[in-house]
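Peer 1: Sharing a structure, written as structure tokens. Questions coming.
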Amino acid sequence: MPGVYKKKECPNCHKEHRKRGPYCCQACHNMDRDVTAETRQKISEKAKEYYRTPEGVAKKTLFSLERSGEISGVSIDDFAVDIPSISDYELPPGYDIADDW
């Protein structure tokens, strides 16, 4: 039958599937993959860079507080800061808001 692959078993989770390739999903493929020290270093650098941003700090703080049991049910949106609208400010002469165009 065209477009249908033969039945095979995933080498990682042993599920039967009819998908292309030996693995049933990307997660099983990733578990069976060898990660080099260079790749681990790059992932570590990107994670450290992310956790220096305001979003990263909020996420890290939230996860550590939830893990310690100090808080529960708090979302990242609770850490969000409101961005003021340009309509809250008086614009210089000659400028107007895009909504007025």
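Peer 1: Short version: ³J(HN,Hα) in whole Hz for each residue of region 31-38, in order, from phi by Karplus 6.51 cos²θ - 1.76 cosθ + 1.60 (θ = phi - 60°), x for Gly and Pro, what are they?
Peer 2: Result, rounded to whole Hz: 5, 8, 8, 8, 9, 6, 4, 5.
Peer 1: Now for a separate question. Treat each spin label as a single point 7 Å out from the Cα along the C-beta direction, and report the residue 40 to residue 18 distance in nm.
Peer 2: In this crude spin-label approximation the distance works out to 4.1 nm.
Peer 1: Straight-line reach from residue 6: which aspartates and glutamates have a Cα under 13 Å away, not including same-chain ones fewer than 8 places off?
Peer 2: The qualifying aspartates and glutamates are 16.
Peer 1: With θ set to phi - 60°, apply the Karplus curve 6.51 cos²θ - 1.76 cosθ + 1.60 along region 47-64 and write out the HN-Hα couplings as whole Hz, x wherever there is a Gly or Pro.
Peer 2: The phi angles translate into 5, 5, 5, 5, 6, 8, 7, x, 5, x, 5, 5, 5, 5, 4, 4, 5, 5 Hz.
Peer 1: Determine which lysines satisfy two conditions relative to residue 48: a Cα distance under 23 Å, and not lying fewer than 8 residues away in the same chain.
Peer 2: Output for residue 48: 59, 60.
Peer 1: I would also like to ask the following. So which lysines pass the test for residue 7, namely a Cα distance under 29 Å, with those fewer than 8 places away in the same chain ruled out?
Peer 2: Reachable lysines: 15, 19.
Peer 1: Label region 30-70 by shape, choosing from rounded, prolate and oblate, from the square roots a ≥ b ≥ c of the eigenvalues of the Cα gyration tensor; if a/c is under 1.5 it is rounded, and otherwise prolate applies when a/b is larger than b/c, oblate when it is not.
Peer 2: In terms of gyration-tensor shape, oblate.
Every read-out reported here was derived from the displayed coordinates using simple, explicitly stated rules and does not represent laboratory data. As the structure is a prediction and not an experimental result, all values here were calculated from the model. Cβ: placed from backbone, ideal geometry, glycine included. Neighbour counts: every protein chain shown.
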